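Enquirer: The structure that follows is given in the form of C-alpha cells.
The values are calculated or read from the model by the stated rules, or taken from the named source; none is laboratory data. Small disclaimer: the values here were computed from a predicted structure and weren't measured. As a convention, Cβ positions derive from the backbone with ideal geometry for all residues, glycine included, and neighbour counts pool all protein chains shown. When the accessible area is computed, the model is the full protein with side chains, heavy atoms only, and any ligands, DNA or RNA have been set aside. Shrake-Rupley method; radii C 1.70, N 1.55, O 1.52, S 1.80 Å.
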Amino acid sequence: GGGGGGFNAGAGGGAGGFRTGNGFSISVAGSYPITVGAGGNGSTSDSPQNATNGNPSIFSTITSAGGGYGTSSAGAGNPGGSGGGSSVNNSAGTGNTPPSSPPQGNPGGVGNTGDGSPRAGGGGGGAGGAGGGTTNASLGGTGGSGQSSTISGSSVTYAGGGGGSSH
C-alpha cells in the first residue's frame, strides 16, 4: 500500500514497493497466501504528524514494503518501499526500506521554500523513479513514475508515487 500524504504544504506519500525480476520462483502446484497491503492514512494536522506508512503486500515468501508517508509542513519524509516526500528543505524518505534485492522503490522528493512559502516534494515511485522536488510557487513536487510491466499481457504502469502540494 502507498504511504499517506501530509497536511498543510503536505508532501506526497511513497508508492508501495514494486517487486519484479528473475530472482523469484515458486512452484506452480499448491496454494499460496496473498496479503494486499492497505494504503496509509493521510495526515489531518501539522502537529503531531499523524500520517502513516502503507502496509506491506505479501505473496508466498515475497514481501513488498509499504510506502513511506509524506510529511506535513516542515518535517522529513518517512522511509518505505518507496520514500515519502518532504517539505521545506528537509530530507526525503529513502526507498527500498527495508533493503531487498532487486530493489523495490525510490526516494521521495524534497520541497523547498522558493519565494518564502513552503513547497512539498512528491513521493517516490515504486522502482520507476524518484519523487520530484519543487520551488515553484504554485506547484508541489511530482510523484515518482511507476514501473511499466506487461505481466497482464498489455503494458500497465504500477506503483507511481503521490504528488506534493503547494502552500
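Enquirer: Any idea how many residues of region 42-61 are of a type in the set (Val, Ile, Thr) and in a strand (DSSP E or B)?
Expert: Total satisfying the criteria: 1.
Enquirer: Restricting to region 77-100, name every residue that is open to solvent by 30 Å² or more (accessible area, probe 1.4 Å) and under 13 Å from Gly54 (Cβ atoms).
Expert: Hits for region 77-100 are Asn78, Pro79, Thr97.
Enquirer: Sticking with this one: I'm checking my understanding of the structure. Among residues of region 101-146 that are at pLDDT below 80 and not in a loop (DSSP other than H, G, I, E, B), which one is surrounded by the fewest Cβ atoms within 10 Å (Cβ to Cβ)?
Expert: It comes out as Thr134.
Enquirer: Residues to consider are Gly12, Gly6, Gly39, Gly77; find the one that is under 25 Å from Ile151 (Cβ atoms) and assigned to a loop (DSSP other than H, G, I, E, B).
Expert: Gly39
Enquirer: Let me ask something else about it. Could you check how many residues of region 147-160 are assigned to a loop (DSSP other than H, G, I, E, B) and open to solvent by less than 60 Å² (accessible area, probe 1.4 Å)? Can you show your working first?
Expert: Going residue by residue through region 147-160, those that are assigned to a loop (DSSP other than H, G, I, E, B) are 150-155, 159-160.
Remaining after also requiring open to solvent by less than 60 Å² (accessible area, probe 1.4 Å): 159-160.
Matching residues across region 147-160 total 2.
Enquirer: Quick check: anything in region 54-64 under 20 Å from Gly141 (Cβ atoms) and either of a type outside the set (S, T, N, Q) or open to solvent by 50 Å² or more (accessible area, probe 1.4 Å) (or both)?
Expert: Yes - at least one qualifying residue is present in region 54-64.
Enquirer: As an exercise: evaluate Ala76 against (1) of a type outside the set (Phe, Trp, Tyr); (2) modelled with pLDDT under 85; (3) under 10 Å from Gly4 (Cα atoms) and give the number of the one condition it does not meet.
Expert: For Ala76, the failing item is (3).
Enquirer: Right, Val156: within 16 Å of Ala15 (Cβ to Cβ) and either of a type in the set (A, V, I, L, M, F, W, C) or modelled with pLDDT of 85 or more (or both) or not?
Expert: Values: within 16 Å of Ala15 (Cβ to Cβ): yes; either of a type in the set (A, V, I, L, M, F, W, C) or modelled with pLDDT of 85 or more (or both): yes.
So Val156 fits the description; yes.
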